[in-house]
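The next block holds one structure in the form of structure tokens; read it before the comments.
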Amino acid sequence: TLNGPSTAHALEWSEGDQADIKSVENFLNELDTYQAEFIQMSPEGHYSEGWIWVQRPRYLRVEYAPPNNLLLVANGTYLIFIDRDIDQISKYSYESGPFRFFLKEEVDLTKDMIVNAVSRESNLLHITLVDEDDFKAGSVTLSFAENPPQLIGWIVTDPEGRRTKVTLHNYSYGLSLH
């Protein structure tokens, strides 16, 4: 089901879509630690691999495998992007970016982000989110396997419609990340 930006709030979804949105919120809120390997496909067709570690709320580490020398860290205060090849460090507020809801104490997909689409296919659930303040900034579509619930990837679509796809594998939950 698709909604335009002005009509995308959860109360306007069908009962089934509302239940799907709530189940994703519950899954994310119950998540304490998560780790996985990922494959990222750029809009140009280039792929990268790496690892992601999450300790909710607030902490995240995304490390790319060689030859990429990139690292993204959420340290509890900032999202920090490190490009080791050019010795560049960029810091961003937790209040920016398509995944800010994920690092909050409580995930509520109807606050700050707008659920723009809910769809199902072959035991998969896809939830598309846009920024409430700037819905033209692009979107993120989260993908979940349903039985048992598992976050299996996402697609980030930029304002020009270019899509970066991330597929997660070898994931595990509830482990010590020290």
Under 22 Å from W13 (Cα atoms), open to solvent by less than 20 Å² (accessible area, probe 1.4 Å) and aliphatic (A, V, I, L, M): which single residue out of L142, L124 fits that description?
L142
Within region 122-178, can you find the residues that are of a type in the set (D, E, K, R) and either more than 19 Å from K111 (Cβ to Cβ) or touching a helix residue (DSSP H, G or I) at 6+ places or on another chain (Cβ under 9 Å) (or both)?
D131, E132, K136, E146, D158, E160, R162, R163, K165
With the structure loaded, tell me whether E49 is under 18 Å from S176 (Cα atoms) and open to solvent by 80 Å² or more (accessible area, probe 1.4 Å) or whether it fails that test.
no
Among the numbered criteria (1) assigned to a strand (DSSP E or B); (2) in contact (Cβ under 8 Å) with a residue 12 or more places away in the chain; (3) open to solvent by 30 Å² or more (accessible area, probe 1.4 Å); (4) not small (G, A, S), which single criterion is violated by V54?
(3)
Spot the failing condition for V118; the list is (1) farther than 18 Å from Q40 by Cβ; (2) modelled with pLDDT of 90 or more; (3) surrounded by fewer than 19 Cβ atoms within 10 Å (Cβ to Cβ), and only one is missed.
(3)
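The values are calculated or read from the model by the stated rules, or taken from the named source; none is laboratory data. Please read these numbers as outputs of a predicted model, since none were measured by experiment. Neighbour counts are summed over all protein chains in view; Cβ atoms, including those assigned to glycine, are modelled from backbone coordinates with ideal geometry. Only protein heavy atoms, including side chains, enter the accessible area calculation; ligands, DNA and RNA are left aside. Shrake-Rupley method; radii C 1.70, N 1.55, O 1.52, S 1.80 Å.
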